[in-house]
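Visitor: Structure provided below as C-alpha cells; questions to follow.
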Amino acid sequence: MVAVSFIAFLLLFVFVGVLSFAKKKTTSEDYLLASQSVKPWLVALSAVATNNSGYMFVGQIGFTYMYGLHSIWLMIGWVLGDFFTSTFVHKRMRQMTEKRNVISFASLISDWHGQHYKKLRILCGIITIMFLGTYAAAQLNAGSKALHVMFDWDYSLGAIIGSVIVLSYCFAGGIRASIWTDAAQSFVMLTAMGVMVYMGISEIGGLHAFTEGLKNVNPTYMDLFPDKTLFGSEAVASILFIMGWFFAGIGVIGQPHIMIRFMTIDDADTIWKARSYYYSWYILFYALTITTALAARLLIPEVSSFDAELALPTLAQELLPDILVGLVLAGLFAATMSTADSQILSCTAALTNDLFPEKLSSYKANKIATVFITAMALLIALFGSKSVFSLVLIAWSGLASAFAPILILHALNRKTTENQAIAMILGGFGAMMLWRYFDLNDITYEIVAGIIGGFIVYALYGLALKCKK
C-alpha cells in the first residue's frame, strides 16, 4: 500500500507537468522562460519547492535531531538574508531580463548594462553547468536513498525513476512544466510535514509532554545558541554562527535554478506579491521541519548505529498508516525532483544560450540539450565517485560566492568592466575555497568569506583602475 500511495503521487506530478503542454509555445523563450507569463503565486511556490530541496527533509531534520533548538537560527538567518536581497534584487532582475531580452541567468549577468561580455557569459555558463549538473545528480541520489530505506529497492532505481519523471515533464513543457509541478510538489511537501508534526506530537502525548520531553534530552539541547566559544567569547561565536546563515540567505540570489523563477513572472510590479507568498510558505514549512525533527528525537532514541538523516522516513514508518507513509515519501521525493528539474533546465539554458548561442539556441536544440543534461546527471548519480559528489558540498557556496556580489552591484546600478567582473567571480569563489581548505567553518560558514571576498576584489580592482588613470 505504501508503494501504491507513493506511485500515485508521482503520477500526479507527471500529470500536472504534462498539462502545461497545452500552454506551450515552440520557442526557446517559452521553453526556458515561460514567455515571462507566470503568475506570482506560482513563481513563489515553485521557488519555495526548488529552494527546499532534499536537504530540508534529510539534512535539516538530521541537524536538528542531533543538535537541538539552535538549528532555528539556520531558518532565521537564512530567511532574513534572503529577504534582505529580495527587496532590491528581484524586481531589477525581472526588469533587466525583459529590457535585455535574455533567457538565461548567465546572459543576464553578462548583458546587464548592455555591454555583452562574452567571456563573462561563458565563465558563468561553465560554472552553472559544473555545479548544478552535479547538484542535480545529488538530488537524484537523495531520492534513491529514501526509496532504498523504505522499500529496499536498489539505489540506482530511485535515480532512474526520478530522472525519467523529470525528463518527461520538462521535455513536454520546459520551465512552465517545472514551475507547475513544483507548485503541486510544494503542497505535498507542506502536507507531509504537517502530518508528521501532528502525528508526532500526538504520539508523544500532546504539546506539554512534547516540550517537557525536549528539556530532558540533554542540558544544552534546547539552548537557543550553539554551545561553543570562539575567541574567548560565547557571544562572538553566536554572532558568527548567525551571520554565516544570514549570508547563506543572501546567497539565494546566486542560485540560477531559483532566481530564474523570478525572471519568469508576468510583471515586475507583482514581485511583491510573489515575495509575500514565498516567505509565508517558506517560514511555515521550515518551522514544521524543525518541529518534526524535535519530535523525532523523542520518539526515536539516539543510538550509535542510527543515521539521523533518516529520521523522517523512519518516523513515518513507525507512526503513520501506509497511505500516509506514501505521502511523506512522496513529499521527500518531490523535494528532490523539484530541485533537480530546475537545475537541469538551468544547465540546459547555460549550454545552449551561454556556451553555444550561435549553434544551439533553437527550440529543438534546447529540448535535445535537456535530454543530454538529464542523462549526464543520471550517469553521475549512478557512477559518480565520492570525490565527484564532494562538489555538492560546495555547490551552494560556490554559486553564491561567484554570483551574489556581482548581482548586488548590478541591482545597485554599479557598473564593472568585464575583467573586473571575472576577477570578482574567481576571487569570491577562491576565498570560499580557501576558507574550506583551512577548515575555518567552525568560525563561520564559508559563504561569508566568499561573498565578502568578491566585494574586496571589486574594491581593489576599482582602486587599481583609478591609480592607472
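Visitor: Let me confirm something: among Met222, Met189, Met193, which residue is assigned to a helix (DSSP H, G or I), in contact (Cβ under 8 Å) with a residue 40 or more places away in the chain and over 30 Å from Lys25 (Cβ atoms)?
Guide: Of Met222, Met189, Met193, the one residue that is assigned to a helix (DSSP H, G or I), in contact (Cβ under 8 Å) with a residue 40 or more places away in the chain and over 30 Å from Lys25 (Cβ atoms) is Met193.
Visitor: Going through Gly133, Gly125, Gly143 one at a time, which residue ends up being more than 19 Å from Phe372 (Cα to Cα) and among the small types (Gly, Ala, Ser)?
Guide: Result: Gly143 is the single residue among Gly133, Gly125, Gly143 that is more than 19 Å from Phe372 (Cα to Cα) and among the small types (Gly, Ala, Ser).
Visitor: Ok, one more. Just give me the residues in the stretch 65-116 being under 19 Å from the mean Cα position of the chain (by Cα) and more than 30 Å from Met222 (Cβ to Cβ), in sequence order.
Guide: Of everything in the stretch 65-116, those that are under 19 Å from the mean Cα position of the chain (by Cα) and more than 30 Å from Met222 (Cβ to Cβ) turn out to be Thr85, Ser86, Val89, His90, Met93, Ser104, Phe105, Ala106.
Visitor: Please go through (1) basic (Lys, Arg); (2) surrounded by fewer than 16 Cβ atoms within 10 Å (Cβ to Cβ); (3) out of contact with any His (no Cβ under 9 Å at 6 or more places or on another chain) for Lys415 and return the number of the only condition it doesn't satisfy.
Guide: All conditions are met except number (3).
Visitor: Go through (1) surrounded by 15 or more Cβ atoms within 10 Å (Cβ to Cβ); (2) touching a Ser or Thr at 6+ places or on another chain (Cβ under 8 Å); (3) under 27 Å from Ile368 (Cα atoms) one by one and return the number of the condition Leu157 breaks.
Guide: Every listed condition holds for Leu157 apart from (1).
Visitor: Something else now. How do the helices (runs of 4 or more DSSP H) wholly within the stretch 361-469 filter down when requiring 2 or more residues that are of a type in the set (Lys, Arg) and free of Cβ contacts under 8 Å to residues at least 12 places away in the same chain: which remain?
Guide: So the answer is 446-468.
Visitor: Here's a follow-up. Give the residues of the stretch 260-273 that are buried (at least 22 other Cβ atoms within 10 Å of the Cβ) and either among the charged types (D, E, K, R) or under 17 Å from the mean Cα position of the chain (by Cα) (or both), sorted by residue number.
Guide: Ile260, Arg261, Phe262, Met263
Visitor: Here is a follow-up. Can you say whether Leu147 is under 16 Å from the mean Cα position of the chain (by Cα), surrounded by 18 or more Cβ atoms within 10 Å (Cβ to Cβ) and modelled with pLDDT under 90, as far as the supplied structure shows?
Guide: No: the conditions fail for Leu147.
Visitor: Which is surrounded by 16 or more Cβ atoms within 10 Å (Cβ to Cβ), at pLDDT 95 or above and within 22 Å of Val236 (Cα to Cα), of Gly428, Gly453?
Guide: Gly453
Visitor: Take the conditions in a helix (DSSP H, G or I), closer than 20 Å to Ala106 by Cα, modelled with pLDDT under 90 and not polar (S, T, N, Q) and apply them to Glu358. Does it pass?
Guide: When the stated conditions are applied, Glu358 passes them.
Visitor: Here's something else I'd like to know. Do any helices (runs of 4 or more DSSP H) entirely within the stretch 240-339 hold 3 or more residues that are more than 30 Å from Thr134 (Cα to Cα), and if so, which?
Guide: 271-299, 311-319
Visitor: If you don't mind, another one. Going by the conditions given, is Ile394 β-branched (Val, Ile, Thr) and farther than 30 Å from Lys24 by Cα?
Guide: So Ile394 fits the description; yes.
Visitor: Let me ask something additional. Select from the stretch 169-197 the residues that are closer than 18 Å to Trp41 by Cβ and either hydrophobic (A, V, I, L, M, F, W, C) or touching a Cys at 6+ places or on another chain (Cβ under 7 Å) (or both) and list them in ascending order.
Guide: Ile175, Ala177, Ser178, Ile179, Trp180, Ala183, Ala184, Phe187, Val188, Met189, Leu190
Visitor: Still on this structure, please answer the following. Only residues that are over 20 Å from Lys415 (Cα atoms) and surrounded by fewer than 21 Cβ atoms within 10 Å (Cβ to Cβ): list them for the stretch 97-126, please.
Guide: Within the stretch 97-126, Ile126 is the sole residue that qualifies.
Visitor: Just to be sure, is Ala172 more than 17 Å from Arg261 (Cα to Cα), in contact (Cβ under 8 Å) with a residue 60 or more places away in the chain, surrounded by 20 or more Cβ atoms within 10 Å (Cβ to Cβ) and small (Gly, Ala, Ser)?
Guide: Considered against the rule, which asks whether it is more than 17 Å from Arg261 (Cα to Cα), in contact (Cβ under 8 Å) with a residue 60 or more places away in the chain, surrounded by 20 or more Cβ atoms within 10 Å (Cβ to Cβ) and small (Gly, Ala, Ser), Ala172 comes out as no.
Visitor: Among the candidates Leu299, Leu310, Leu288, Leu319, single out the residue that is among the hydrophobic types (A, V, I, L, M, F, W, C), closer than 20 Å to His148 by Cβ and surrounded by fewer than 24 Cβ atoms within 10 Å (Cβ to Cβ).
Guide: Matching residue, one of Leu299, Leu310, Leu288, Leu319: Leu310.
Visitor: Still on this structure, please answer the following. Mind listing whichever residues of the stretch 152-164 are in a helix (DSSP H, G or I) and either touching a helix residue (DSSP H, G or I) at 6+ places or on another chain (Cβ under 6 Å) or of a type in the set (D, E, K, R) (or both)?
Guide: Of everything in the stretch 152-164, those that are in a helix (DSSP H, G or I) and either touching a helix residue (DSSP H, G or I) at 6+ places or on another chain (Cβ under 6 Å) or of a type in the set (D, E, K, R) (or both) turn out to be Tyr155, Ser156, Gly158, Ala159, Gly162, Ser163.
The values are calculated or read from the model by the stated rules, or taken from the named source; none is laboratory data. On a predicted model such as this, the values are computed, not experimentally measured, just so you know. In this analysis, Cβ positions are derived from the backbone assuming ideal geometry, glycine residues included, and neighbour counts consider all displayed protein chains.
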